[in-house]
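Colleague: Before I ask anything, here is the structure I am working with.
The values are calculated or read from the model by the stated rules, or taken from the named source; none is laboratory data. Just so you know, these numbers come straight off a predicted model, no measurement behind them. Note that we place each Cβ from the backbone using ideal geometry, even for glycine, and neighbour counts take in every protein chain shown. Please note that ligands, DNA and RNA were not included when accessible areas were found on the heavy atoms of the full protein model with its side chains. Shrake-Rupley method; radii C 1.70, N 1.55, O 1.52, S 1.80 Å.
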Amino acid sequence: MTTVREIDPADESGFDLWYDVLRAGATADREVPLLASHDALATSLRVPVPTKAVVGVAAYDGERVVGAMIVEYGLKDNLDSILVEINVAPADRRQGIGTALWGWARARAASLGRTVYQTEIAIPDGFTTDTWPACLFAAKLGFALEHIEDHLVVPLPYQHQVELEPLDGYELISWAGPCPEEFLPVYAELRTAMSADVPTGGMTRETRHWQVDELRQLEERNAKNYLSLVVLALTPDGRPAGYTVMFLPKTDPETAQQLDTLVLREHRGHNLGAHLKLANLEQLAKHRTTQTLLHTWTAETNTAMQKVNARFGFVAREKNAEYEVTLPAPRLRQAVRAVVLDAQDRILLLRFEFADKVVWAAPGGGIEAGESLRDGLVRELAEEIGLTPPADAPHIWHQVAVGPDYARGYDGVVNDYFLIRVDSFTPAGALSQAELEAESVYGHRWWTLAELQSHKGPAYLSPRTLHHQLAHLIQHGPPPAPLFLGV
């Protein structure tokens, strides 16, 4: 049975297993693959920033990682969208793993109130959006192709000869590493202009308005894993005209990345973009060590930059396709449940029997109109098991499951779980057996952690990751804030 849960990026061995699957899935059948290095991605997951959330999610077959997903979403802009990247190692494909990961992403988006889903897919040479499996999977989920870029490379050390006319009327300022303090306001202004100017096709994307302090924080964060090479173009009176930036990953000995190149509209037509690129290539020659390829990306529709790249010897080796789908906010049934643990750390579960499946789940049920979570918990436990929860019962888990099979008449369900400790307890609620069966409840059972871990079905456990979540709860106690759970 495939289970899906968020990884703990501080767990180095668990992160390593997850990253191995991510890399295997992302690089399969590609000649010039490029993805974040192990250390760079670890930093993204382990060190939070105020502008963006980055979450690593794994799919498991037992305890073996079989799928890896990255979920990103803005915290200050683009508040309707969520970026999803799903990877499954070739040997484990076509077993529903990608679909299970997608279900988790849908649940997280629902919990955030986001309805716009986006993804980026690298398409190797020789394939198209109609033949590459990842594109076909995205289309199956309802995604539509909105934008395509060429992924271009040029060999390093750079040996292509580019002759340019002298640059007149502009000053080029170069630096390696964080931006000098005196140029930071101008650099932030240009980064904002790049966000507004970059071609995005039909993608839903707001302009990123860079503040000086946010840009400085990003640079300090990037400096742990990348050496930034920047060239800035200024007019004689110090006004910004354009910039270009490269990254030299410190933990990837083979690749360099040519990222943004921007010339403000009023300064175009002076060959400024080519001068910026050439000046940064001169910087690259000073700082390059073992890198063998310089990567860049340019929209198919950006004919001016395509010509510049061709002039500098870049050759297209892949396509980068951006997809998007907008899905209506799901209608979710709100429910509350209790994780009841006895002195032996056994958990009490009720047996729910439905027409097509049997589920062992924590006692509790749907919230009635006007009820708070606490009031609903008191009522449900009195009816089902005859237990009164303490007023300060810790709120430990927040589960969201999106799909037609989780709550009749709804698009999914939200379960909020509270922890209740008892020395010993014999369930006996106010509802009769007939009344319980009318609610699909057919008995109860105390489970040890070992029994949960060894359970193979055919009855389901809810949540599917119950054994893992309970083990973590027993070992570490209640979390400071409710943990998000998928199915």
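Colleague: Given the -39500 (n - 2.57) contribution per DSSP H run of 4+ residues, what per-residue ellipticity at 222 nm results for the chain, rounded to the nearest 500 deg cm²/dmol? Don't jump to the answer; show the numbers that get you there.
Modeller: Numbers: 12 runs with 134 residues, N = 487.
One gets -8500 deg cm²/dmol as the mean residue ellipticity at 222 nm.
Colleague: Based on the alpha carbon coordinates of the chain, what radius of gyration and maximum Cα-Cα distance (Dmax) apply, in Å?
Modeller: 26.7, 90
Colleague: For a bin width of 10 Å, list the pair-distance distribution of the range 95-142 built from all Cα-Cα distances, rounded to whole %.
Modeller: 22, 47, 25, 5
Colleague: Per residue of the range 307-317, in order, report the coupling 6.51 cos²θ - 1.76 cosθ + 1.60 (Karplus, θ = phi - 60°) as ³J(HN,Hα) in whole Hz, putting x for Gly and Pro.
Modeller: 5, 4, 4, 4, 4, 8, x, 6, 10, 6, 10
Colleague: Can you list residues whose amide H is under 5 Å from Lys52's amide H, if they're 5+ apart or on another chain and H is modeled 1.01 Å from N?
Modeller: Excluding prolines and chain starts, which carry no amide H, the hits are Leu75.
Colleague: Using modelled amide H (1.01 Å from N, peptide plane; none on Pro or chain starts), what sits under 5 Å from the amide H of Leu259, excluding residues fewer than 5 places away?
Modeller: Sorted by chain and number, the residues that satisfy this are Val245, Met246, Phe247.
Colleague: Something else now. Given the convex hull over the Cα atoms of the range 178-251, what projected area results after averaging over all orientations, in nm²? Please report the intermediate quantities before stating the final value.
Modeller: Values: hull surface 23.0 nm².
Computing the convex hull of the Cα atoms and averaging its projections yields 5.7 nm².
Colleague: Now, a different point. Could you work out the relative contact order of the chain? I mean the mean sequence separation of Cα pairs under 8 Å and 6+ apart, divided by the number of residues, in percent.
Modeller: Numbers: 925 pairs, mean separation 75.6, N = 487.
Relative contact order here is 16 percent.
Colleague: Give the dimensionless ratio obtained when the Cα radius of gyration of the range 1-146 is divided by 2.2 N^0.38 Å. Present the calculation step by step, with values, prior to reporting the outcome.
Modeller: Details: Rg = 14.8 Å, N = 146, 2.2 N^0.38 = 14.6 Å.
Compared with the compact-globule rule of thumb, the range 1-146 sits at 1.01.
Colleague: Mind grabbing the base-10 log of I(q)/I(0) for the range 234-339 at q = 0.20, 0.21 Å⁻¹? Debye formula, identical points on the C-alpha positions, no solvent, two decimal places.
Modeller: Ignoring solvent entirely, the Cα scatterers give -1.16, -1.23.
Colleague: Hey, another quick one. At what distance in nm do the modelled label points of Asp61 and Ala304 sit from each other, each positioned 7 Å from its Cα along Cα→Cβ?
Modeller: 5.1
Colleague: Can you list which of the trypsin sites (Lys or Arg not before Pro) found in the range 437-466 are DSSP loop residues with at most 11 other C-beta atoms within 10 Å? Numbers along the way, then the final one.
Modeller: Details: sites: Arg445, Lys456, Arg464; in loops: Lys456, Arg464.
The qualifying sites are Lys456.
Colleague: If I fit a long axis through the Cα atoms of helix 373-384 and take the longest principal axis of the Cα atoms of the chain, what angle between them do I get, 0 to 90°, rounded to 10?
Modeller: For helix 373-384, the angle is close to 40 degrees.
Colleague: Compute the projected area of the convex hull of the Cα atoms of the range 331-487, averaged over all viewing directions, and report it in nm² to one decimal place. List each step's numbers first, then the result.
Modeller: Working: hull surface 36.0 nm².
Computed as one quarter of the Cα hull surface, the answer is 9.0 nm².
Colleague: Provide the per residue accessible area, probe 1.4 Å, for the chain, rounded to a whole number of square angstrom. Numbers along the way, then the final one.
Modeller: On the way: 22620 Å² over 487 residues.
Per-residue value: 46 Å².
Colleague: Take the alpha-carbon centre of the range 413-463, take the same for the range 65-107, and report the distance between them in whole Å.
Modeller: The two parts, judged by their Cα centres, are 30 Å apart.
Colleague: Given the pairs Lys140/Lys357; Lys224/Lys307; Lys277/Lys319; Lys224/Lys286; Lys52/Lys224; Lys52/Lys319, which are separated by over 28 angstrom at their Cα positions?
Modeller: Numbers: Lys140/Lys357 26 Å; Lys224/Lys307 34 Å; Lys277/Lys319 22 Å; Lys224/Lys286 20 Å; Lys52/Lys224 18 Å; Lys52/Lys319 26 Å.
The pairs that break the limit, which is 28 Å between Cα atoms, are Lys224/Lys307.
Colleague: For an R0 of 60 angstrom, estimate the FRET efficiency from the Cβ-Cβ distance between Leu136 and Gln344 and round to the nearest 0.05.
Modeller: Working: r = 50 Å, r/R0 = 0.83.
The computed FRET efficiency comes out at 0.75.
Colleague: If I compute solvent accessible area with a 1.4 Å probe over the protein chains, what percent of it on the chain is carbon and sulfur? Don't skip to the end; give the middle numbers.
Modeller: Numbers: 11410 of 22620 Å².
That fraction is 50 percent.
Colleague: At 1.567 mPa s and 4 °C, plugging the Kirkwood radius over alpha-carbon pairs of the range 224-263 into Stokes-Einstein gives what diffusion coefficient in µm²/s?
Modeller: Numbers: Rh = 11.3 Å.
Result for D is 115 µm²/s.
Colleague: Tabulate in residue order the Karplus-calculated ³J(HN,Hα) for the range 392-405, using 6.51 cos²θ - 1.76 cosθ + 1.60 with θ = phi - 60°, rounded to whole Hz; enter x for Gly and Pro.
Modeller: So the Karplus estimates, Gly and Pro as x, are 9, 4, x, 7, 9, 9, 10, 9, 10, 10, 9, x, x, 9 Hz.
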